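See structure below.
What follows draws every value from the coordinates through simple rules; no lab data is involved. Since the structure is predicted, the reported quantities are computational estimates derived from the model, not experimental observations. FYI the Cβ positions are ideal-geometry reconstructions off the backbone, even for glycines, and counts take in every protein chain you see.
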Amino acid sequence: MRELVRKALIGGLGLMLALPAVNAGAAPGAGHHWTATWTASPTAAMASGLSHNGLTDQTIRNIVYPTIGGTSVRVRLTNRYGARPVTFDQVTVGQPNGTKIPLTFHGGTSVTIAAGADVAGDPVALPVEQRQPLAISLFSASATGPATYHNAAHTTSYLAAGDHAADTSSDAFTSKTTSWLFVDGIDVVAAPHVGTIVALGDSITDGTGTADNSNTRWSDALFARIAAGPPGHLQAVTNSGIGGNEVTLDRQPPYFGVSAQHRLDADVLDQPGVSLVLVAEGINDLTASNVPADKVIGGLQGIADRTHAAGLKIVGLTITPCGGYGVCGAGPLGRRAIVNNWIRTSGAFDAVVDFDAVVRDPANPDHLLAAYDSGDHLHPNAAAYQQLADSMDLPLLGRLVSRHPR
């Protein structure tokens, strides 16, 4: 497995330190390994609002939903798009209304993360239940500056004035946000052949069109199917979708992350335990940025090639319809048809799932079926996301999954 964590300034020591050593109480046993159970791909702060302001003498309680469970957990934090080091004086993990376990970072109770860096906490023994919420609370006494965050969490998290990271109740958390701040991953110790299927995508993977706190993204529905399947086939499913993300372009500032090509390592290939990649991107290149079809194809081919070079299989997912959406006219629709034809026929991917065919209107195939339209003619709704997950051949995915997760 590649080194996951960029070097970070830990605990104000001024030393460049790598991934923390696993303590004996939480070390994986023989053949077991760390695997990602939840992720949120980070982006730069917006020009105003909470992400721009960051935290000053405040606690953010991020509520997240792991996929697979485990008995030991490792929390990953990020300052990837920060302009300066950020210090967290206390970080805890636990049930939203229950005991909070203080996290350490190379043994220290505080952590300073350099600008541009990610860091993992020391592992702790904590039962993590499949699809049950965890609270990751971070307190910063000093001003963090603009936050590295995940904008469209579609999940409610909470803010409190002062240090309430260790609070067992939520009484002090009087403000709400639907973004995740400074947290980008949770790992658990998994059995030898349990890995992580990573979904790389844009807002359609990120879950736009679903109700907050419903966990009805297509990646959620896919994990539910896998978890309900035959014993011995369990895999985590993590979501590396970012609203507005593109295959080819790094729009600046990176409010929508860097391009899928440039975040492939950090958000996909370097994730602990990655065992299979699913990619569903391209609509923003074709519509918002008018990127030619051949450039989108070249970007997707590069993603497939790099995934294969990493020893993993990759599934291509066709681009869903956008007819009727404001910037989806004849040009983008024509380019979409070219890219989709390439995804279906090129052989670049180890398998293809035809998302387009699942949700399009048979009588008007450039449009979403009305029953699957969230209302903006671009983003599917929860019913559509369920259909997309249901369209995946689980035995086929099982055959593509690496039996030696990275």
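Before moving on, here are some points about what is shown:
- Proximal aspartates and glutamates to LYS100, defined as alpha-carbon separation beneath 20 angstrom and excluding residues fewer than eight positions away on the same chain: ASP57, ASP89, ASP122, GLU129, ASP163, ASP167, ASP171, ASP184, ASP187
- Euclidean distance of C-alpha centroids, the stretch 208-285 and the stretch 173-206, integer Å: 9 Å
- Arranged from fewest to most other beta-carbon atoms within 10 Å of their beta carbon, TYR158, TYR372, TYR149, TYR65 become TYR65, TYR158, TYR372, TYR149.
- Whole-Å distance, taken between Cα centres, linking the stretch 291-339 and the stretch 60-80: 31 Å
- About its Cα centre, the chain has a charge dipole of approximately 620 debye under the convention of +1 per Lys or Arg Cβ and -1 per Asp or Glu Cβ, with nothing else charged.
- Test item: Cα-centred dipole of the stretch 326-378, Lys/Arg +1 and Asp/Glu -1 on Cβ, debye: 200 debye
- Reducing the stretch 26-57 and the stretch 368-389 to their Cα centroids gives an inter-centroid distance of 28 Å.
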